[in-house]
Amino acid sequence: MAQIGYFSLLLAIAVSIYTIAAYIIAIKTDNCRLRASANGGVAAILLLTTIASVVLFYFLATSDFSIKYVYDYTSKNLPILYKLSAFWAGNAGSLLLWAWLLAIYTAVVTFLTRGQEENIPYVNTILVLNNLFFLILLVFIANPFTKIPGGMSPVEGKGLNPMLQNPGMIFHPVTLYLGYVGFAVPYAYAIAALITKKVGDTWIKVTRRWTVIAWLFLSLGNLYGAQWAYVELGWGGFWAWDPVENASFMPWLTGTAFLHSVMIQERKDMLKIWNMALIIITYILTLFGTFLVRSGVLQSVHSFNNSGLGTWFLLFMCLALAVSLYFLTSRINLLKQARQFESYISKESSFLINNLLLVGSAFAILWGTVFPLISEAIRGVRVTVSVPYFNKVNAPILLAMIFVMGVCPLIAWRRSSLKNLLNNFMWPLLLAVISGVALYFYLPGQKFYGALAYAINIFVLLTIFQEFYRGMRVRHRATGEAYPLALIRLMVRNRRRYGGYIIHLGIILIALAVVGTGAYKQEVTQQVSVGEKIVIDDYTLTFNGLRQRLEGENTVVYADISVDKGGTNIGALTPENVFYKTWDQPSSEVAIHGTLAEDLYVALASWKDKGRTATFKVHINPLMSWMWIGGYILVLGTIFALWPGRGSRLGPKYK
Amino acid sequence: MKRKVMQSVLVLILINLVVVLPVSAAEPVVNEELFKEIEANLMCTDGCGMYLQACDNATAQQMRQEIREKLAEGMTPEQIYAYMINIYGEEVMAAPPPSVPFNISAWVTPFLAILGGGLMIYLALDKWVFNNETSESQIEVDDVDLAEYEDIIDEEIKRYY
């Protein structure tokens, strides 16, 4: 059975080489039959990677410990869902997932994209070349079907890292990879446009859906990662600016910049070079993330230890960058723009600021991520760049970006005037300033930056609502439709625009949660004996004792805590430590009492005297639920904007 | 079955007696805000790569104890950072300390890059708008109105022509 998986991958390499060669010859000779055969090659690669993936799933599900990968990452009594999710717990499996997803995407591009037949050979050559790289790694360096030496079959596996035994870990890697791999498609179309010298906005129109889908998955991947960190790591935070977290956030930022800047190319045929550069940077950053995970050059909690694949990824990344830059520079004359801006103050110019801040933030994160290496190379001293640096450097940049997010939609295309600005901004700005001042005095600590951040978010929130209101009013006046109907029709008939606003709404809700937890969280670490209380804000937590229970083979030690808020009992919380038979360290499972206003978050840190005394970390994280609600709204907005039909058409091009 | 029960009992005894993380018997009473501020600027030093605030292993707990002791001894945050750097190296700081001149580049480069980018945008806009100033009429387009009315006009055209 293992041979079936291995030979599928081996055969996929051969088919990939054939497919690439067939596409190149078909392009040179304009041979339709050969092109169709190469398309068949794409289907074959999908079939073969699917077989390999199904075989690995089978081994994982049946706990066949003669396979080293299964032995390394699972154990017999692991729940079936976690056994299957161990597919991407290790190096080889995650590479197979990448290759499989890329094969699926390539097949969708080949067989489901209409009207792009002449571009497919170019696009697919690039995508299959990418997949060939992963398949070579899988066959020659990180084979997931390697057997235990000596033909042995241990009775038990090493088990899955307890921290990965969380529902978040089922979705986080898959969504993140769907995002990473998804950006390969617009990248391939961009390079194909450069090769064929058809650098108009066709490639942007064709790939918009792909870009938005990849962006959506990357957003979800980051959010699932944040949620996992929040509930699993027990430190009360959700983002630790680890190099690998940074690696998934950077392409998100540049991808977001790309999604906005392409609108200027669609409307005005401008920024062609910039858009090409942005999608190349985004794609290279996805490879950079994978390089970081597998190279071990930076200290990270996410690393696949000693995988030895870093050099290969570095080489591939350099090759992809060199090829991309060659095509970009050699076609630079074709990309020069003809049109002009009508005014300094216009939506176009605000998009440029938006791009500057998004790419600036990505650069700040990149700079901070690689600075330890630079310091070591120049000074011979390795420094650490972690949370305080990234928070301090990125907070002003991202806050400015959120402000621009509020300003941008309210400025007219082409040219805006003072009257236009006053009309659109006066009320939101006034209300935001009043709210900011009120919050400064009302919230604890009288924190200027916290209140400022809230005020900016409130400003953007109000501008979004104002946009919906204005649009609804205009439609009501023009058609006489009732307000609710006018709003629904307005949104449905301009799905791209209003889908974008819904996404902005989701981002603002996430930002409010970030500000709430960042500036106004309260925390206490306290040691208490049975019967003693921990008081934090208006919560009183009474420690009733430490208990234990068996869950299968695992022993769960949990604290029984009753919680009062303002003198009223609101229930019990049971933070846990789980001891696994197959793992040395226990895993912490936090207990959360969540409301829309705040999360009461309790982690069991340690105990002594046979459990009569225990230490707890207690946090109050304001507005935390809004991060997850914002995430769902972001997904809804994206689906709404992408939904096919008349309302999803592009905006008009200005002549 | 009996063996399994015995195993479980042994595990529980082990957890109660041995595996539990050590907790200091007597933690010095210190200014908690100051303690948190110092903790937030340090990394755990056992190679786990985690921010001290986020880490709960034995080394992290020992470091916290050390911070409390130094605070109780009356040391200032700066003195505690210097003490930590002396023992663990510059790497113990969670951000490059700006007291080292080279580290200033870590802090200012992103902002210089953004300023440079802003300047480039300004120069580009200056060129694009200047070239265009005389060629376009002074019109202002309200986006919402335009989109809505275009939509309605489209429908009217379809209906009547």
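The values are calculated or read from the model by the stated rules, or taken from the named source; none is laboratory data. Just so it is clear, the structure is predicted and the values come from calculations on it, not from any experiment. With ideal geometry, Cβ positions are generated from the backbone for all residues, glycine too; neighbour counts draw on all protein chains shown.
Please verify whether residue A:578 is at pLDDT 90 or above and not polar (S, T, N, Q), treating the condition exactly as stated. Break it down into steps so the answer makes sense when it comes.
Details: at pLDDT 90 or above: no; not polar (S, T, N, Q): yes.
Criteria not met by residue A:578.
Restricting attention to region A:464-494, the residues that are closer than 19 Å to residue A:260 by Cβ, part of a helix (DSSP H, G or I) and within 12 Å of chain B (Cβ to nearest Cβ) total 1.
Being charged (D, E, K, R), outside the structural domain of residue A:138 (by TED's automatic domain parsing) and surrounded by 21 or more Cβ atoms within 10 Å (Cβ to Cβ) is the requirement here; does residue A:269 meet it? Here the answer is no, as residue A:269 does not meet what is asked.
Scan region B:69-85 residue by residue and report those that are part of a helix (DSSP H, G or I) and within 13 Å of residue B:37 (Cβ to Cβ).
Of everything in region B:69-85, those that are part of a helix (DSSP H, G or I) and within 13 Å of residue B:37 (Cβ to Cβ) turn out to be B:71, B:77, B:78, B:80, B:81.
Taking the criterion of being modelled with pLDDT of 85 or more and either touching a strand residue (DSSP E or B) at 6+ places or on another chain (Cβ under 8 Å) or facing chain B (nearest Cβ under 9 Å) (or both), the residues of region A:311-353 that qualify are A:352, A:353.
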